[in-house]
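One structure is given below, encoded as structure tokens.
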Amino acid sequence: VVALVVIGLSWWLSRSAGPNVDNSAAVNRFPGDGVSTSPSSASLAVDDQVPGTTVFVSEVNLPTGGWVLIHKDAGGRTGAMIGAGYFGSNVHAGEVILSEPTIDGSAYYATLAADNGDERFDPRTDTALVDQAGNAIGVHFKTIGVLPNDKG
């Protein structure tokens with residue numbers, strides 16, 4: 001099952017990953033679980049979600065604190081931002097409240113951004129965290145009405 005998920009992810013990434021989100025470091029540990037890391041030790045994991053107004057972040061590491069941003073998928077690229085949640089350096093999981101609900105069967109991106117020090121999101125001064133190639137650190141996830149019951 002894991003091999004099929006990895007093969008499927010590789011195929012999907014080769015067809016749909018946009019240049020502004022780095023999915024090359026994404027690893028599927030469980031079906032639907034996207035994980036992205038950067039050389040700066042910032043990392044993010046978001047599982048597939050049920051539709052709604054909250055996205056649950058299963059793992060985040062922001063050594064100096066920062067933002068998890070939720071974006072709509074726009075043809076394989078990050079689209080409009082629909083949520084931003086601040087995570088302190090000692091917070092490694094949580095939720096992001098959205099400005100509009102996610103839709104069953106749709107795709108989304110979660111990305112990371114640095115905080116300018118005021119713990120209030122400002123897209124002009126809270127800049128995207130990027131890898132060495134300049135790609136935003138982020139993961140792709142989808143919303144599905146019924147999540148698999150993983151008892152692994």
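The values are calculated or read from the model by the stated rules, or taken from the named source; none is laboratory data. This one's a predicted model, so the numbers in the text were calculated from it and none came from an experiment. Cβ: placed from backbone, ideal geometry, glycine included. Neighbour counts: every protein chain shown. The protein model used for the area step is the full one, side chains on, heavy atoms only, and it has no ligands, DNA or RNA in it. Shrake-Rupley method; radii C 1.70, N 1.55, O 1.52, S 1.80 Å.
Of the numbered conditions (1) open to solvent by less than 20 Å² (accessible area, probe 1.4 Å); (2) under 11 Å from the mean Cα position of the chain (by Cα); (3) at pLDDT below 95, Leu69 fails exactly one; give the number of that condition.
(3)
Just one of Asp126, Asp118, Asp104 is assigned to a loop (DSSP other than H, G, I, E, B) and either in contact with a Gly (Cβ under 7 Å, 6 or more places away or on another chain) or of a type in the set (A, V, I, L, M, F, W, C) (or both); which is it? I'd like the intermediate steps shown before the answer.
Details: Asp126 fails: either in contact with a Gly (Cβ under 7 Å, 6 or more places away or on another chain) or of a type in the set (A, V, I, L, M, F, W, C) (or both); Asp118 fails: either in contact with a Gly (Cβ under 7 Å, 6 or more places away or on another chain) or of a type in the set (A, V, I, L, M, F, W, C) (or both).
Answer to the selection: Asp104.
Working only within segment 77-101, note down all residues that are in a loop (DSSP other than H, G, I, E, B) and within 14 Å of the chain's Cα centre (by Cα).
At the first step, the residues of segment 77-101 found to be in a loop (DSSP other than H, G, I, E, B) are 77, 88-93, 99-101.
If the condition is that a residue be in a loop (DSSP other than H, G, I, E, B) and within 14 Å of the chain's Cα centre (by Cα), then Arg77, His92, Ala93 are the ones that fit.
Say whether the condition of being open to solvent by less than 40 Å² (accessible area, probe 1.4 Å) and among the β-branched types (Val, Ile, Thr) is met by at least one residue in segment 72-83. Full working, then the answer.
We begin by selecting, within segment 72-83, every residue open to solvent by less than 40 Å² (accessible area, probe 1.4 Å); these are 76, 78-79, 82-83.
Subsequent filtering for residues that are among the β-branched types (Val, Ile, Thr) retains 78, 82.
Yes: segment 72-83 contains one or more residues that are open to solvent by less than 40 Å² (accessible area, probe 1.4 Å) and among the β-branched types (Val, Ile, Thr).
Give just the number: which of (1) part of a strand (DSSP E or B); (2) in contact (Cβ under 8 Å) with a residue 60 or more places away in the chain; (3) open to solvent by 40 Å² or more (accessible area, probe 1.4 Å); (4) not polar (S, T, N, Q) does Ala133 not satisfy?
Every listed condition holds for Ala133 apart from (1).
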